[in-house]
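The values are calculated or read from the model by the stated rules, or taken from the named source; none is laboratory data. A quick note: this is a predicted structure, and the numbers were derived from the prediction, not measured. Cβ sites come from the backbone with ideal geometry, for glycine too, and all protein chains shown count toward neighbours.
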Amino acid sequence: MIGLISATVAGAAARDRLAAAWPDRSRVYEGPVGDAVRAAFVECEQLVCFLATGAVVRLLAPLLAGKAADPGVVCVDEGGRFAVSLVGGHGGGANELAREVGGLIGAEPVVTTATDAVGLPGLDTLGFPFEGAVATVSRALLDGEPVVLEAESAWPLPPLPTAPQGPYTIRLTDRDVEPGEREVLLRPPSLVVGVGASKGAPVDEVLGLVEDTLQDAGLSVRSVAELATVDAKSEEPGVVGAAERLGVPLVTYPAERLAAVDVPNPSAAPLAAVGTPSVAEAAALLGGGELLVPKRKSGARPAMATCAVVRRPGRGRLAVVGLGPGARDLLTPRARAELRRASVLVGLDQYVDQIRDLLRPGTRILESGLGAEEERARTAVAEARKGHAVALIGSGDAGVYAMASPALAEASDDIDVVGVPGVTAALAAGAILGAPLGHDHVSISLSDLHTPWEVIERRVRAAAEADLVVTFYNPRSRGRDWQLPKALAILADHREPTTPVGVVRNASRADESSRLTTLAALDPQTVDMMTVVTVGNTATREIAGRMVTPRGYRWQEGDR
Ligand code: SAH
């Protein structure tokens with residue numbers, strides 16, 4: 001029984017919603033709250049108190065006996081915003097109760113016991129089909145009980161708090177096994193089934209052959225990633241229908257490519273019909289992997305379908321994640337999710353510091369100092385190739401003067417790549433300055449470390465001639481001090497000395513500063529590597545202390 005205790009009108013209203021949701025599980029305690037809490041403590045297994053935690057702590061203190069015996073207690077604040085698991089988080093079920101209450105009244109569950117607070121990934125959110133004792137094993141993970149992870153090959157899982165031994169198991173397997181009582185099976189998309197079919201082969205024959213073959217080989221149909229065949233069969237109804245009924249894509253290849261694959265059982269029939277000595281085996285093998293089941297014919301007379309099964313290695317996942325300019329609330333929810341999705345994090349040490357608290361315990365962090373860019377890119381790709389879930393981070397947007405290009409230049413198509421855009425410095429600065437980017441604009445990095453100065457200068461000149469608003473990244477460092485004045489001089493050949501220039505240092509960080517000045521008045525000494533410099537075009541104005549680039553004269557006249 002769950003005892004419900006409230007003191008105020010708002011509390012009573014929320015209490016009544018719980019009472020209505022739990023007609024047989026709850027009992028409302030009226031009267032003075034002290035008496036009510038004391039009575040409920042004795043009579044109920046759980047309490048929900050619509051009272052301040054302080055009040056409840058004082059009332060409970062003399063009653064508490066030990067975590068094995070005490071009921072689980074949840075407190076809900078007057079505004080109904082939080083459901084706090086106060087006592088008996090695990091033994092008394094208060095953590096679970098806080099979540100349940102939260103769901104019912106729209107409050108945020110507040111759980112402070114260690115294993116819960118780390119925000120474990122739900123087994124249903126790992127990105128793989130699953131079966132078995134999901135509730136039992138999730139509970140065990142939450143309670144910090146030993147859960148063993150048995151992965152038959154590396155697939156990109158988030159970090160899980162697993163133990164070397166234990167009564168509970170999470171098993172990543174494509175084998176057709178039954179889950180044990182304390183086991184969850186995760187199904188990696190590891191199997192590729194190559195199929196060949198004669199014209200008019202019935203769906204049932206193709207599908208039956210695929211299913212029988214998998215079953216005989218002890219493989220799970222839930223691990224089938226795709227069916228593969230020759231281009232000529234891309235619209236063969238039996239093959240298309242089988243893929244549809246399995247819920248997997250059909251991948252097709254040109255006959256010449258299939259003909260080039262070395263297979264154990266070539267034959268003359270498909271060579272005559274579609275121009276390759278093997279369809280099923282070759283199509284299954286083309287994406288790489290190990291042939292588990294060589295070509296097999298259906299049992300029909302005449303047999304109109306063939307199939308072969310290949311297991312491909314785990315496919316890693318590389319997320320290239322922009323962290324935004326610095327402020328936590330400019331980190332996108334998607335970036336945050338990718339950071340928690342990764343079991344390996346690669347990045348510059350100062351950026352890792354920016355988000356370390358968001359990572360799941362057990363995340364392997366590979367951080368390095370300034371300059372080790374190529375190495376970071378290579379490391380991230382190598383880890384993904386091993387089958388891991390990797391996040392490669394960069395400040396602002398990871399694709400803007402950052403890690404995405406060196407990483408993707410290294411990456412081949414044997415990994416999945418996910419890009420998460422971030423708020424780049426030019427945008428963060430623009431929002432601080434006003435609306436400097438309201439018309440055509442360009443970003444130019446003044447770092448001549450990797451780009452010859454002649455190239456940079458040519459681009460600055462082109463921007464100057466094209467009357468583009470220009471944002472300079474990497475504008476000036478201790479060793480590189482003449483480039484910014486030179487670039488500004490080129491712009492000054494084409495723009496008035498009074499052209500507005502915005503200088504923003506550490507946008508959205510604790511020591512953010514910004515200044516609005518002009519081309520003539522800008523003092524380069526005030527600019528460093530933490531800064532971006534945005535130079536207006538010939539129409540940019542300072543209006544009420546803000547930098548504004550009009551969207552164009554015609555638009556201003558109302559001609560859209
Ligand atoms: N990927 C980053 C840019 C990396 S290049 C992005 O998208 O923002 C590094 C340069 O970016 C710095 O020299 C500076 O010019 C600029 N920069 C990055 N973060 C900044 C910030 N918070 N405030 C001002 N400039 C910043």
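Would you tally the residues in the stretch 17-34 being out of contact with any strand residue (DSSP E or B) (no Cβ under 8 Å at 6 or more places or on another chain) and in a helix (DSSP H, G or I)?
4
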Scanning the stretch 159-185 residue by residue, the ones that are among the acidic types (Asp, Glu), over 26 Å from residue 340 (Cβ atoms) and out of contact with any Leu (no Cβ under 8 Å at 6 or more places or on another chain) total 2
For the stretch 240-335, which helices (runs of 4 or more DSSP H) that fit wholly inside it have 2 or more residues that are over 21 Å from residue 215 (Cα atoms) and not hydrophobic (A, V, I, L, M, F, W, C)? 255-259
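Do you know which residues across the stretch 311-330 are out of contact with any His (no Cβ under 7 Å at 6 or more places or on another chain) and either buried (at least 23 other Cβ atoms within 10 Å of the Cβ) or among the acidic types (Asp, Glu) (or both)?
Of everything in the stretch 311-330, those that are out of contact with any His (no Cβ under 7 Å at 6 or more places or on another chain) and either buried (at least 23 other Cβ atoms within 10 Å of the Cβ) or among the acidic types (Asp, Glu) (or both) turn out to be 317, 318, 319, 320, 321, 322, 323, 324, 325, 329.
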Regarding residue 235, is this residue in a loop (DSSP other than H, G, I, E, B), in contact (Cβ under 8 Å) with a residue 40 or more places away in the chain and charged (D, E, K, R)? no
Going by the structure shown, is residue 228 of a type in the set (Gly, Ala, Ser), touching a helix residue (DSSP H, G or I) at 6+ places or on another chain (Cβ under 8 Å), assigned by TED's automatic domain parsing to the domain that holds residue 272 and crowded, with 21+ Cβ neighbours inside 10 Å? yes
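Can you tell which of 548, 535 is of a type in the set (A, V, I, L, M, F, W, C) and either touching a Phe, Trp or Tyr at 6+ places or on another chain (Cβ under 8 Å) or within 16 Å of the ligand (Cβ to nearest atom) (or both)?
Working: 548 fails: either touching a Phe, Trp or Tyr at 6+ places or on another chain (Cβ under 8 Å) or within 16 Å of the ligand (Cβ to nearest atom) (or both).
From the options 548, 535, the qualifying one is 535.
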Requiring at least 2 residues that are under 26 Å from residue 543 (Cβ atoms), the helices (runs of 4 or more DSSP H) wholly within the stretch 390-489 are 425-433, 453-465
Restricting the stretch 373-389 to residues that are part of a helix (DSSP H, G or I), away from the ligand (no atom under 15 Å from the Cβ) and not acidic (Asp, Glu), the one farthest from residue 127 (Cα to Cα) turns out to be 378
Pick out the one residue from 184, 210, 239, 221 that is of a type in the set (A, V, I, L, M, F, W, C) and touching a Ser or Thr at 6+ places or on another chain (Cβ under 7 Å). 239
Considering residues that are on the phi < 0 side of the Ramachandran plot, over 40 Å from the mean Cα position of the chain (by Cα) and not aromatic (Phe, Trp, Tyr), the number found within the stretch 525-556 is 8
Among the listed residues 330, 323, 271, 370, identify the single one that is within 16 Å of the ligand (Cβ to nearest atom), out of contact with any strand residue (DSSP E or B) (no Cβ under 6 Å at 6 or more places or on another chain) and not charged (D, E, K, R). 370
Determine if the stretch 418-428 includes at least one residue that is away from the ligand (no atom under 16 Å from the Cβ) and at pLDDT 95 or above. yes
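Quick check on residue 371: is it under 26 Å from the mean Cα position of the chain (by Cα), at positive phi and either modelled with pLDDT under 95 or not hydrophobic (A, V, I, L, M, F, W, C) (or both)?
Values: under 26 Å from the mean Cα position of the chain (by Cα): no; at positive phi: yes; either modelled with pLDDT under 95 or not hydrophobic (A, V, I, L, M, F, W, C) (or both): yes.
Judged against the criteria, residue 371 is not a match.
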Residues located in the stretch 39-93, provided they are touching a Cys at 6+ places or on another chain (Cβ under 8 Å) and part of a loop (DSSP other than H, G, I, E, B): 51, 52, 71
Residue 425 vs (1) surrounded by 23 or more Cβ atoms within 10 Å (Cβ to Cβ); (2) under 18 Å from residue 342 (Cβ atoms): all pass except (2)
If I go through the stretch 339-367 residue by residue, how many of them are within 16 Å of the ligand (Cβ to nearest atom) and either in a loop (DSSP other than H, G, I, E, B) or buried (at least 17 other Cβ atoms within 10 Å of the Cβ) (or both)? 7
Pairs please, first residue from the stretch 445-458 and within 19 Å of residue 528 (Cβ to Cβ), second anywhere and in a loop (DSSP other than H, G, I, E, B) and of a type in the set (Ser, Thr, Tyr), Cβ atoms under 7 Å, 6+ apart in sequence or on different chains. 445/401
What are the residue pairs meeting all of these: first residue in the stretch 139-157, first residue more than 24 Å from residue 316 (Cα to Cα), second residue of a type in the set (S, T, N, Q) and at pLDDT 85 or above, Cβ atoms under 9 Å, and 6 or more apart or on different chains? 142/95; 146/165
Given (1) in contact with a strand residue (DSSP E or B) (Cβ under 8 Å, 6 or more places away or on another chain); (2) surrounded by fewer than 20 Cβ atoms within 10 Å (Cβ to Cβ); (3) within 27 Å of residue 161 (Cα to Cα), residue 89 misses just (2)
I need the full set of residues from the stretch 292-333 which are of a type in the set (A, V, I, L, M, F, W, C) and more than 32 Å from the chain's Cα centre (by Cα), in order please. 292, 293, 300, 303, 304, 305, 307, 308
List pairs: first residue in the stretch 423-441 and within 23 Å of residue 335 (Cα to Cα), second residue within 14 Å of the ligand (Cβ to nearest atom) and among the acidic types (Asp, Glu) anywhere in the structure, Cβ distance under 9 angstrom, at least six positions apart or on different chains. 423/397; 424/397; 425/397; 427/397; 432/512
How many residues are in contact with a Ser or Thr (Cβ under 9 Å, 6 or more places away or on another chain) and either free of Cβ contacts under 8 Å to residues at least 24 places away in the same chain or not assigned by TED's automatic domain parsing to the domain that holds residue 203 (or both) if we restrict to the stretch 244-261? 3
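With the requirement that a residue be β-branched (Val, Ile, Thr) and either free of Cβ contacts under 8 Å to residues at least 60 places away in the same chain or in a helix (DSSP H, G or I) (or both), what does the stretch 1-16 give you? Step through it out loud before you land on a result.
Within the stretch 1-16, the subset β-branched (Val, Ile, Thr) is 2, 5, 8-9.
5, 9, listed by residue number.
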